[in-house]
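*Asks:* Quick one: this structure, given as structure tokens, is what I'll be asking you about.
Computed from the coordinates by the stated procedures, all read-outs in this text should not be read as laboratory data. What you see is a predicted model, and the numbers here were worked out from it, not measured in a lab. Cβ placement follows ideal geometry from the backbone for every residue including glycine, while neighbour counts extend to all protein chains displayed.
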Amino acid sequence: MDLAGKRILHVGAHPDDEVIFAPMMAEACRFNGATCHLVVTQEADSWGCLLSIGLQDRAQCSQFRRMETAASGANVNASYEFYGWREGMFNWNDAGVESNLSALAREAGGHASLIARFRRTLDTFRPDVVLAFDPRHGTTCHPNHRATVRLLLEAIRGLPSDRRPEVFFGSDYAVPGAPKEIAEITDNFGLVRWPDDRVPVLWYDATVTLPNGRTAYDYAVDALRLNATQFPLVATGKITPAPDPQHRRVPLIRLADINPLEQGLCEGRAPPLFHKLETMTEAQLNALAPKN
């Protein structure tokens, strides 16, 4: 996959969703004349600091995470924008994706407003290539990931055919509660392709050495460190990601090779906690914060 000189749009639901794509964007946009832009859709009212650093103040968490995106974007020479949609807590299954889409539509004044927001980015930036998570499972099964990409793809379908970008999805498997043999790899920030998926895969080898002597994978580690609220042990140096070279390859698939509305890939994969989030009160959710 040649990204040199291309206009590359990365779309994520959250700050830190760019981590597995950072090696490709660093190579293309720092050294090969490409132009990178990051979109983060659901960073407002963020619960994302609760389990990682025990921060219950969601507005403060959102502020921290926006700052992290700015730093991570600068590190790969990318601009960025935030849509300001609420993160929300939804079950990590197909029903949770539909709940997330419905909630976003209510808050935005209708589904068409969500699509129009993506169209503004697509019309302004005019990407040649889009990078995002696989909408069938979102890499982690997080419903925000999956809902965001569903909306993105609907907006792309509305473009004139000669303006539709190539779309590549990261098809990593980073689901909480993964089988032990996979968790041992992903806990060390290695990459493993989604299991039992027969879709053709393209591999980006992040072991490549870049003109400054660093490897492309080093930029994934940078992104982890810069998203310090999410990866505090990496940010403080208590963990230094060092997966085997075979797990420093980013698995990518093409939009043309999948049915983006395929159901069932996340059913039963995440731990029970993630399938009952919508029934929990705010007090119960806050109680999940680690105790210092």
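*Asks:* For the range 245-270 and the range 1-69, write down the distance between their C-alpha centroids in whole Å.
*Replies:* 19 Å
*Asks:* Also, I was wondering about something else. Got a sec to turn the phi values of the range 92-109 into Karplus ³J(HN,Hα) couplings, 6.51 cos²θ - 1.76 cosθ + 1.60 with θ = phi - 60°, whole Hz, x for Gly and Pro?
*Replies:* Values per residue, Gly and Pro as x: 8, 8, 4, 5, x, 5, 5, 4, 5, 4, 5, 5, 4, 5, 4, 6, 8, x Hz.
*Asks:* To continue, here is another question. Once you keep just the Cα pairs under 8 angstrom separated by 6 or more residues, what percentage relative contact order results for the range 60-216?
*Replies:* Numbers: 139 pairs, mean separation 26.4, N = 157.
Relative contact order, the range 60-216: 17 percent.
*Asks:* Another question about this same structure. Have a look at the DSSP beta bridges in the chain and tell me what percent are antiparallel, nearest 5.
*Replies:* 30 percent
*Asks:* Say the dipole of the chain comes from +1 at the beta carbon of Lys and Arg and -1 at that of Asp and Glu; which of ILE253, SER171, GLY33 then lies farthest toward its positive end?
*Replies:* Positive-most Cα among the choices belongs to GLY33.
*Asks:* A further question on this structure: How high is the relative contact order of the chain, in percent, with contacts defined as C-alpha pairs under 8 Å that are six or more residues apart?
*Replies:* For the chain, the relative contact order is 25 percent.
*Asks:* Given the DSSP H assignment, sum -39500 (n - 2.57) over each helix run of at least 4 residues in the chain and divide by its residue total; what's the result at 222 nm in deg cm²/dmol, nearest 500?
*Replies:* Here the helix-only value at 222 nm equals -10500 deg cm²/dmol.
*Asks:* What does the charge count around ASN32 come to, taking other residues whose C-beta lies under 11 Å from its C-beta (Lys +1, Arg +1, Asp -1, Glu -1)?
*Replies:* Once positives and negatives cancel, what remains is 0.
*Asks:* Note the listed values [x] 1.10; [y] 1.00; [z] 0.93, then indicate which one is Rg/Rh (Cα atoms, Kirkwood Rh) calculated from this particular structure.
*Replies:* [z]
*Asks:* To the nearest 20 debye, what is the magnitude of the charge dipole of the range 118-204 about its Cα centre, counting +1 on the Cβ of each Lys and Arg and -1 on the Cβ of each Asp and Glu?
*Replies:* 460 debye
*Asks:* If you place +1 on the Cβ of every Lys and Arg and -1 on the Cβ of every Asp and Glu, how big does the dipole about the Cα centre of the chain come out, in debye to the nearest 20?
*Replies:* 420 debye
*Asks:* Let me know the charge dipole size of the range 31-141 about its Cα centre in debye, to the nearest 20, where only the beta-carbon of Lys, Arg (+1) and Asp, Glu (-1) is charged.
*Replies:* 200 debye
*Asks:* Once the dipole of the range 101-181 is set up with Lys and Arg at +1 and Asp and Glu at -1 on Cβ about the Cα centre, which of ALA132, GLY109, PRO160 lies farthest towards its positive end?
*Replies:* Farthest along the dipole direction, towards plus: GLY109.
*Asks:* For the chain, with a Gaussian network of springs between Cα atoms less than 10 Å apart, report the residue from ARG66, ARG119, ARG214 with the top mean-square fluctuation.
*Replies:* Ranking ARG66, ARG119, ARG214 by mean-square fluctuation puts ARG214 first.
*Asks:* Please find, in a Gaussian network model of the chain (springs between Cα atoms separated by less than 10 Å), the residue of THR209, THR41, THR69 whose mean-square fluctuation is greatest.
*Replies:* Most flexible of the set in this elastic network: THR209.
*Asks:* Find the relative contact order for the range 133-174 and round it to a whole percent, using C-alpha pairs within less than 8 Å whose residues are 6+ positions apart.
*Replies:* 50 percent
*Asks:* What is the sum of charges around ALA112, taking Lys and Arg as +1, Asp and Glu as -1, for the other residues whose C-beta is under 15 Å from the C-beta of ALA112?
*Replies:* Result for the neighbourhood of ALA112: +4.
*Asks:* Select from SER62, LEU288, PHE231 the residue farthest towards the positive end of the dipole of the chain; place +1 on Cβ of Lys and Arg, -1 on Cβ of Asp and Glu, and compute about the Cα centre.
*Replies:* SER62
*Asks:* Next up: Output wanted: per-residue J couplings in Hz (rounded whole) for the range 246-257, from phi through Karplus 6.51 cos²θ - 1.76 cosθ + 1.60, θ = phi - 60°, x for Gly and Pro.
*Replies:* So the Karplus estimates, Gly and Pro as x, are 5, 9, 10, 10, 8, x, 10, 10, 9, 4, 5, 9 Hz.
*Asks:* Choose one answer from ASN91, ASN259, ASN100: the residue with the largest mean-square fluctuation in a GNM of the chain with alpha-carbon springs under 10 Å.
*Replies:* Ranking ASN91, ASN259, ASN100 by mean-square fluctuation puts ASN259 first.
*Asks:* Let me ask something else about it. Residues with beta-carbon under 14 Å from that of TYR219, excluding TYR219: net charge, scoring Lys, Arg +1 and Asp, Glu -1?
*Replies:* -2
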